[in-house]
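The values are calculated or read from the model by the stated rules, or taken from the named source; none is laboratory data. This is a predicted model, so every value here is computed, not measured. Cβ sites come from the backbone with ideal geometry, for glycine too, and all protein chains shown count toward neighbours. What goes into the accessible areas is simple: the full protein's heavy atoms, side chains included, and nothing from ligands, DNA or RNA. Shrake-Rupley method; radii C 1.70, N 1.55, O 1.52, S 1.80 Å.
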Amino acid sequence: MERNIALVALFAALIAALGIIPAVMLPFGVPITAQSLGVMLCGTVLGARRGALAVLLFLLLVFLGLPLLSGGKGGLGVVFGPTGGFVVGFPVAALVAGLITQGWRRAPLALAAGVGAAVGGAVLYAFGIIGMAQVLGKTLPEAALLVTAFIPGDAIKAVLAGLVTSALYRARPRAVLSRA
């Protein structure tokens, strides 16, 4: 129990730490950040339930006003900006990444985690597109077109999530709870 709590807190801190990496701001107000990699890793390493809990802990701290999002943003108001859909989708993306990683037990872990991270990223896009369409006054297809700017970077993040999860498993198998 204590180990689970520590890992959830550690991965919430990982997402926050990835927010320190400078973001690339796109013209429509949504940045490309490393924090989505942390969300993916929450699911692929901790599994669905614990991964989603780590992201929820991170979001609780953000909503309480701590400036943990990329660019030093925090507070409940972030939900109402152009990034709000992505922020709301974080725990669902971690949950989906974890479910796929856990479910693909016969596949090599790097593949299962990479696919889990990619599908989790797609779920994140769905939330982000809906949020951007509402906030920016765009149609869903127009908002979806804006999101295409994220695809190359998120593909790289999905591959990284697969490789990092697999490497962690080889080094410390008990630390990868999605395969426990």
Taking the stretch 99-115 and keeping only residues that are surrounded by fewer than 24 Cβ atoms within 10 Å (Cβ to Cβ), outside any loop (DSSP other than H, G, I, E, B) and either at pLDDT below 95 or not hydrophobic (A, V, I, L, M, F, W, C) (or both), one is left with GLN102, GLY103
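Quick test for you: out of VAL88, VAL119, pick the one residue that is free of Cβ contacts under 8 Å to residues at least 24 places away in the same chain and either assigned to a helix (DSSP H, G or I) or surrounded by fewer than 18 Cβ atoms within 10 Å (Cβ to Cβ) (or both).
Values: VAL88 fails: free of Cβ contacts under 8 Å to residues at least 24 places away in the same chain.
VAL119 is the lone residue from the list that is free of Cβ contacts under 8 Å to residues at least 24 places away in the same chain and either assigned to a helix (DSSP H, G or I) or surrounded by fewer than 18 Cβ atoms within 10 Å (Cβ to Cβ) (or both).
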Scan (1) open to solvent by less than 60 Å² (accessible area, probe 1.4 Å); (2) within 15 Å of VAL45 (Cα to Cα); (3) modelled with pLDDT under 95 for the single condition VAL96 breaks and write down its number. (3)
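Looking only at residues that are touching a strand residue (DSSP E or B) at 6+ places or on another chain (Cβ under 7 Å) and touching a residue at least 40 places away in the same chain (Cβ under 8 Å) in the stretch 63-85, which one is most open to solvent (accessible area, probe 1.4 Å)? Write out each step before concluding.
Applying the first criterion (touching a strand residue (DSSP E or B) at 6+ places or on another chain (Cβ under 7 Å)) to the stretch 63-85 yields 67, 70-71, 78.
Remaining after also requiring touching a residue at least 40 places away in the same chain (Cβ under 8 Å): 70-71.
On the way: SER70: 13, GLY71: 72 Å².
Ranking the candidates gives GLY71 first.
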Could you say whether any residue in the stretch 154-171 is modelled with pLDDT of 95 or more and aromatic (Phe, Trp, Tyr)? yes
